Amino acid sequence: MSQNPNSQTDFYNPNVLINLGPSHPAMHGTLRVMCRVNGETIEDANCEIGYLHRAIEKLGEDKTYHQWMVYTDRLNYCSALNNNIAYAMSVENLMGISVTERCMWIRVICMELSRIIDHIICVAINALDLGAMTVFWLLYHWREEAYTMIESMCGMRLTTTYARIGGMSYDLPDNFTERLWKFCEEFPRALDEVEGLLTSNRIWIDRTKNVGTISKEDALKFSITGPCLRASGVDHDLRRDRPYYVYPELDFDVVVGSNGDVYDRYLVRLEEMRQSVRILKQCNKKLPQGPLWVSDKRVHIPEKLEVYSKMEVLIHHFKIFMEGIDVPKGEAFTCVEGPNGELGFYVVSRGGPKAWRMRVKSPSFMLFQAFEQSVKGGKIPDAVAHLGSVNIIAGELDR
Amino acid sequence: MRTSSVAPGAAFVSRQESFNTRLKEKFAQGRKLEFDKLAEPVLWVRNAEEAKTLVKAMTLDPEFKCDFLSDITAYDNQDGEDGEQRFVLVYQLYSTTEKIRLRIKALVAESEDAYSITDLFPAANWLEREVFDMFGIKFKNHPNLRRILMDERFTGHPLRKEYPIKQREPFKDNIQFHLGANPLRVDTETAQSEK
């Protein structure tokens, strides 16, 4: 190539590299995409990840099962509750513990709440990236409401650490039913408003229709899961296909799109929020009374009052927290339908209080790999729309 | 499947059970078939090459149709609990039509190469890169076998058991932070000796 600055060949250089990220407002977290562009069309893309790698899997082998709970918050920090519960579930599966009825219902409420929050973030930020600020304000108000509700449950908003192996750290607060009811009544109105603003909006349709399309075959080949897979037209939802807890008793629809573009992903997420509200309403009605904790002595964290007044209970408390719980030898791959897709914990135990291998199968990892392929052929502004719509969370991607 | 998370009476349980018996008849000859805590089948293949052929057979099999690759990972078998070789390579397969799971495991020695399945599942690309990055298992015929999470200059494989969790590896060309007019001296020597 000519070095002459006035040369026309340089102007029409088909090999211009454009670096998106790792620190850019339109990149959701520390993601980096190196694009080779021809004009404005992305001809080739190369994703680089690992900027947020914190050795969470290695720490899983170093911390006790209990201590590692806090790290699950930092995986997908938009839906920490979901990760907490999925992890608690995987250790319970290893130990053969069956949580109580009330605990199951509370966990389903938590998972659906966190799904709503995650979808709010995805839709709102995606719209924000494309210039629709109003949607952001409308939806984020409800995200705050949901977080306030979560705060009343466990005292924390973002990094919750609500679940415990064998139960939950706290029971629901007294007025929770009313609050949840209010949320379920009022939040869908915000969704209606958003739908009115976006779904038939000419600008939104132009920016999102046939953008970032992932075909059904590609979605399966690239192991995409969750709303993005469903938007591509694959009817797959672990809540229905391999149900856990009380999902079979609940009435909800699996939302399936057809085109697999940004617009379909937006529609799927919007409808999934409605379905989650539907689930929450049923949970609110059916939530049973009863014990929150399993009676299993191996994992049951004693009541604080008893810890301070009884010697044996104090010793038991210390045993659980200082030594950790003894998980028998074995392994289990526990998957839940997280907001972004199939979130799996593959735990290999060789006995003792620490895991031998703690594998986190994160949906974002697969999504970003597919993004690298499907971004090709689009324009750079399309890449931003596409990235927003798949909702990649760097904490989960890099672990 | 008597554990907590599985919903009672879920339809997939019976399907998985009948799949397990069929698997025993059809694919378990000469191989070790185990069941994990969730009664999901774990099929041990004899070597890494067979892992690939079995994954392919499973995707094409009209009865099982394991058309979905959930995960590829590995774990260190340093204590020799699972066999003589150093690593265990794990493939998690799923069938989107039959809603069943299957785990295929292969023992891989430290000097041995595994076989890439990127030609069967493009999703395996990054997963195999991660296994390479974390354990140092090389994959034959992989299109782009580079480190993925760690820096390319990084030495060692962090998820091997002998890798110390507090080992630090700073790179020389990192840009120094501007620490103000009178910066406190950062004593790197003591920080090094602490680990």
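Quick note: the coordinates plus some simple rules give every number you see, no bench work behind them. None of these values were measured; they are calculated from a predicted model. Reconstructed Cβ throughout: ideal geometry from the backbone, glycine too, with neighbour counts over all protein chains shown.
Worth pointing out:
- Packing-based ranking of A:350-356, A:322-328 yields A:350-356, A:322-328, ordered from highest to lowest mean Cβ neighbour count within 10 Å.
- Per residue of peptide A:214-221, the mean number of Cβ atoms on other chains within 10 Å of the residue Cβ is 2.
- Here is the P(r) of the stretch B:11-163: all C-alpha pair distances, binned every 10 Å from 0, give 11, 41, 33, 13, 2 in whole percents.
- Residues B:LYS26 and B:ALA109, FRET efficiency given R0 of 30 Å [Cβ-Cβ distance, rounded to 0.05]: 0.60
- Nearest-0.05 FRET efficiency for A:ILE380 and B:PHE171, computed from C-beta distance (R0 25 Å): 0.25
- Here's the list of lysines a cross-link from A:LYS354 could span, going by alpha-carbon distance under 23 Å and ignoring same-chain residues fewer than 8 apart: A:LYS58, A:LYS63, A:LYS297, A:LYS319, A:LYS329, B:LYS37, B:LYS105, B:LYS161, B:LYS166, B:LYS195.
- Just so you know, the Rg over Rh for the stretch A:50-109 is 1.02, from Cα atoms, with Rh as the Kirkwood radius.
- Environment charge of A:TYR244, counting only residues whose C-beta is closer than 10 Å and scoring Lys/Arg +1, Asp/Glu -1: +2
- The separation of the stretch B:98-146 from the stretch A:56-103, counted between C-alpha centres, amounts to 26 Å.
- From its DSSP helices (H runs of at least four residues, each -39,500 (n - 2.57)), chain A gives a residue-normalised ellipticity at 222 nm of -15000 deg cm²/dmol.
- Taking one quarter of the surface of the convex hull spanned by the alpha-carbon atoms of the stretch A:227-357 gives a direction-averaged projected area of 11.0 nm².
- Separation of alpha-carbon centers, the stretch A:161-218 and the stretch B:37-67, rounded to whole Å: 37
- On full extension, the segment bounded by A:SER309 and A:ASN210 gains 29.1 nm, given 0.36 nm per residue less the C-alpha separation.
- Taking every C-alpha pair closer than 8 Å and separated by at least 6 residues, the mean separation divided by the residue count of chain A gives a relative contact order of 26 percent.
- Surrounding net charge for A:SER364, when Lys and Arg each add one and Asp and Glu each subtract one, Cβ distance under 14 Å: -4
- Label point at B:GLU81 placed 7 Å out along Cα→Cβ; residues across the stretch A:350-380 whose backbone nitrogen lies under 12 Å: A:350-358
- Those residues of the stretch A:351-370 whose amide nitrogen sits under 12 Å from the label point placed on B:GLU34, 7 Å along Cα→Cβ: A:351
- Note on chain A: with a GNM built from Cα contacts shorter than 10 Å, the maximum mean-square fluctuation among A:ASN46, A:ASN126, A:ASN84 falls on A:ASN46.
- Put simply, the Cα atoms of the stretch B:94-173 extend 51, 25, 24 Å along their principal axes, the longest span coming first.
- Cα-based Rg / Dmax (Å) for the stretch A:214-276: 11.8, 33
- Partner chain coverage, peptide A:239-249 - average Cβ within 10 angstrom: 5
- Comparing chain A with the 2.2 N^0.38 Å rule of thumb, its C-alpha radius of gyration ratio is 1.06 (two decimals).
- Neighbour net charge for A:TRP181 - beta-carbon separation under 12 angstrom, K R +1, D E -1: +1
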